[in-house]
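S.K.: Below is a structure I'd like to ask you about.
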Amino acid sequence: MIAVSIPAAEAQAAARGPDRAHTVFQVEVLCNGRRHTVAKRYSEFQALHKRIKKTCKVPDFPPRHVPNWMPKVLEQRRQGLELYIQGVLYHNEELPQDVLDFLKLRCCQQDPKASSSLSASCPPSQRPVVGFCSDPYAQPPGTQPLPNTILSGVLQGLYLPSRGTPGQAAP
């Protein structure tokens with residue numbers, strides 16, 4: 001399973017001068033439990049879109065906005081590109097090699113059976129972010145080498161009846 005997000009966009013000054021500055025989007029890719037980050041410019045997303053739009057299902061590509069240095073516009077562009085790349089992954093079981101190369105993946109393919117039924121039925125913007133294979137609090141005793149003192153204290157504080165408050169005389 002492949003999951004992609006774009007958590008940040010950074011304005012970078014060009015070496016040739018301030019008039020050649022550009023924005024770099026940090027694309028986080030999670031594939032089969034391995035996470036890596038790829039830096040991409042808007043023009044690289046646009047080139048990918050032009051290459052794959054005739055061979056696979058793609059959502060609408062976010063338009064180029066001017067001026068691109070305003071924080072609100074950068075955030076809108078970041079969100080648009082994130083939804084675009086998530087839409088490409090969501091709508092295509094077999095990803096073209098161009099998409100795999102763009103995300104710097106060797107042979108990771110979408111496996112719709114690997115994702116939960118909730119993830120498969122939701123559009124990319126409504127997929128769960130965190131999922132647990134098992135309840136992290138319901139472990140058999142003795143599975144950890146040291147007791148989790150903080151967890152024990154919190155659970156005791158929440159579920160054990162109080163014996164009175166400090167400073168209060170016992171009846």
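The values are calculated or read from the model by the stated rules, or taken from the named source; none is laboratory data. Given the structure is predicted, the values throughout are model-derived calculations rather than measurements. Here the Cβ positions follow ideal geometry from the backbone for every residue, glycine too, while neighbour counts run over all protein chains shown. These area figures cover heavy atoms from the full protein model, side chains too; ligands, DNA and RNA do not enter into them. Shrake-Rupley method; radii C 1.70, N 1.55, O 1.52, S 1.80 Å.
S.K.: From the list ARG41, ARG78, which one is open to solvent by less than 100 Å² (accessible area, probe 1.4 Å) and touching a residue at least 24 places away in the same chain (Cβ under 8 Å)? Write out each step before concluding.
M.R.: Working: ARG41 fails: touching a residue at least 24 places away in the same chain (Cβ under 8 Å).
Just one listed residue meets the conditions, ARG78.
S.K.: Scanning for something assigned to a helix (DSSP H, G or I), open to solvent by 20 Å² or more (accessible area, probe 1.4 Å) and at pLDDT 90 or above, does the stretch 55-66 turn up at least one residue? Quick ask: steps written out before the conclusion?
M.R.: The first filter runs over the stretch 55-66 and keeps only residues assigned to a helix (DSSP H, G or I), leaving none.
Within the stretch 55-66, not a single residue is assigned to a helix (DSSP H, G or I), open to solvent by 20 Å² or more (accessible area, probe 1.4 Å) and at pLDDT 90 or above.
S.K.: Among residues belonging to the stretch 1-20 that are at pLDDT 80 or above and within 13 Å of the chain's Cα centre (by Cα), point out the one that is most open to solvent (accessible area, probe 1.4 Å).
M.R.: We begin by selecting, within the stretch 1-20, every residue at pLDDT 80 or above; these are 2-10.
With within 13 Å of the chain's Cα centre (by Cα) added as a condition, the list becomes 2-8.
Working: ILE2: 6, ALA3: 39, VAL4: 12, SER5: 36, ILE6: 0, PRO7: 76, ALA8: 34 Å².
The residue in question is PRO7.
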